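Just below is one structure, and these are the notes that go with it.
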Number of protein chains: 2
Amino acid sequence: MGRSRYEEIAESLRQAIRSGVHPPGSRLPSESDLAARWEASRGTVRQAVALLASEGLIGSRQGARRVVLRQERRQSFEQLNSFAQWARAMGCEVSSRILTRTTRPATDEEAARLDAEPGSEVLYVLRLRHLDGEPVMVERTVYADWVAPVVRALPEDCVSIMDSIAERADIVAHHGEHLIDAVAAGSEDARLLRVRRASPLLRQRHLTYTAAGRAIEWTDDRYRAGSVVFNVMNSAAAAPLERRAGPGVAG
Amino acid sequence: MGRSRYEEIAESLRQAIRSGVHPPGSRLPSESDLAARWEASRGTVRQAVALLASEGLIGSRQGARRVVLRQERRQSFEQLNSFAQWARAMGCEVSSRILTRTTRPATDEEAARLDAEPGSEVLYVLRLRHLDGEPVMVERTVYADWVAPVVRALPEDCVSIMDSIAERADIVAHHGEHLIDAVAAGSEDARLLRVRRASPLLRQRHLTYTAAGRAIEWTDDRYRAGSVVFNVMNSAAAAPLERRAGPGVAG
DNA sequence: AAGTGGTCTAGACCACCAT
DNA sequence: TGGTGGTCTAGACCACTTC
């Protein structure tokens, strides 16, 4: 494999941490120990531990050994992009059912989001998702034309569309943009989620891209209030989430 | 100042970018150029540019010069922690009014969040916040006892409590945890925000800490639907926001 | 082919932590 | 006081981009 030396060292440390060789709270070997063991220079070892630090696995203080903070890398990208992967990680039983799957012209907003020609064909999918048997989320997605054939071929009860198209067509989600707000349940939402009309829903709209920057899908997910909470940790040093004005605020 | 060499170089580059010497889209000088100009080694220059890259200001590809992506560092920490600072950055006219300010024993949850003794005194503040004259958010905050005296002394129409206590008592917010979900408006919410009871609100609860890890406040902010949207960009490489199960999901 | 960033080495000094 | 991480240097080779 074309992996660099420091990535090898990082991966080995990651596995040692995950497998309990270095449990959370324990101190990692010193840089010089690691350098000696791996027959690498101290600089290379520092690149490796910097990588683990950026993943939140270890912490450091000048003068003291590095400390193990967590065993698992936080997989929040997957957790934010894929309901199925998140639910699995939570240990919940998840099921899904595609209710509608139709090809239709894109609306102007959809075309703009997917960076497609206005009025070009998109695949619209309406899907209801359950957690431990309870209906929890209504998902309305439009897929770009180049992904549509793969999605059209999937079974109705496909648990993870993203995982499936990654397997079948090697189309992999790489990054995304998410817009989170609250909306009132429409009549379709209310019927599917078994809540009253106009009751509060948490909405997560997201746009998913490949590594090359090609838009895959534009989704509107609506969660029953109380079923999920989005969580952010931020600091003066690094902070990735921000607040934006909605359409209700005068410009 | 005790600043290190690479931080000096980074700060100088930051200013050059901000002031337009290196506009977005342009290419930065090469590492060797910068090293020569600063009479530093290439390694030190690399530390500096790595810092800017981590702030999202510049991007890089092997073999090509680094490219300037943005002029401003994204200040999402402030924007997420301080309504006033966010609104100011948006160019909105913001006003606030403290409606209630009482000292009372902490509930169990509040004590746990603030890491205080159960039943110890906290300062509870109810505040209504306007954007361009419209009531947009209801804020209910409990302050830890050691901050309470400063907050109690502030005027009713204080625009930013966080800014004020930073000025007056040198208590500075450094990091925080945020929980975002949707709730139905209670009768107090409805009256203050001028919406119907049970209509959807976007709720942002947050816990704010000093750099030393001392909890400053625990807040429940409720936004009228449509007034704000939270925005996240994430990628397989780095992703800070995640989804959590709410109380409604069976464990 | 020349230039550039990505990786790696083998040293060095300092500030800070542990004991 | 000795060990540790934080910073810095002056080289080197390679993969990749640019021309």
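None of the figures in this text is laboratory data; all of them are computed from the coordinates on show. Treat the numbers as computed from the prediction; the structure is a model and nothing was measured. Note: ideal-geometry Cβ built from the backbone for every residue, glycine included; neighbour counts use all protein chains shown.
Numbers below:
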item: Listed residues B:6, B:36, B:22: farthest to the positive end of the dipole of the stretch B:5-68 (Cβ charges); result: B:22
item: Cβ-placed point charges (K, R +1; D, E -1), dipole of the protein assembly as shown about Cα centre in debye, nearest 20; result: 320
item: Copy-to-copy label separations for residue A:210, where each label sits 7 Å from Cα toward Cβ, in nm and ascending; result: 5.2
item: Ranked packing of A:23-29, B:185-191, B:86-92, most packed first, by mean Cβ within 10 Å; result: B:86-92, B:185-191, A:23-29
item: Sequence of A:126, B:114, B:99 once ranked by neighbouring C-beta atoms within 10 Å, starting from the fewest; result: B:99, A:126, B:114
item: Least to most buried among B:141, A:100 (fewest other Cβ within 10 Å first); result: A:100, B:141
item: Listed residue (A:207, A:148, B:173) projecting farthest to the positive dipole end of the protein assembly as shown, Cβ model; result: B:173
item: Relative counts (whole %) of C-alpha pair distances in the stretch B:76-224, using bins that are 10 Å wide; result: 11, 42, 39, 8, 0
item: Electrostatic dipole magnitude of the stretch A:92-187 [Cβ: Lys, Arg +1; Asp, Glu -1; Cα centre; debye, to 20]; result: 300
item: Position residue A:11, label points 7 Å along Cα→Cβ, spacing to each other copy in nm (shortest first, one decimal); result: 4.0
item: Chymotrypsin sites (Phe, Trp or Tyr not before Pro) within the stretch A:90-150, DSSP loop, no more than 16 other Cβ atoms inside 10 Å; result: A:146
item: More than 13 Å apart - percent of Cα-Cα pairs taken over the stretch A:5-68; result: 59
item: At 7 Å out from Cα toward Cβ: residue A:187 inter-copy label distances (nm, ascending); result: 3.2
item: Sorted by Cβ density within 10 Å, fewest first, the residues B:159, A:136, B:229; result: B:159, B:229, A:136
item: Choice from B:204, B:15, B:85 showing the highest fluctuation, given a GNM over chain B with Cα pairs closer than 10 Å; result: B:15
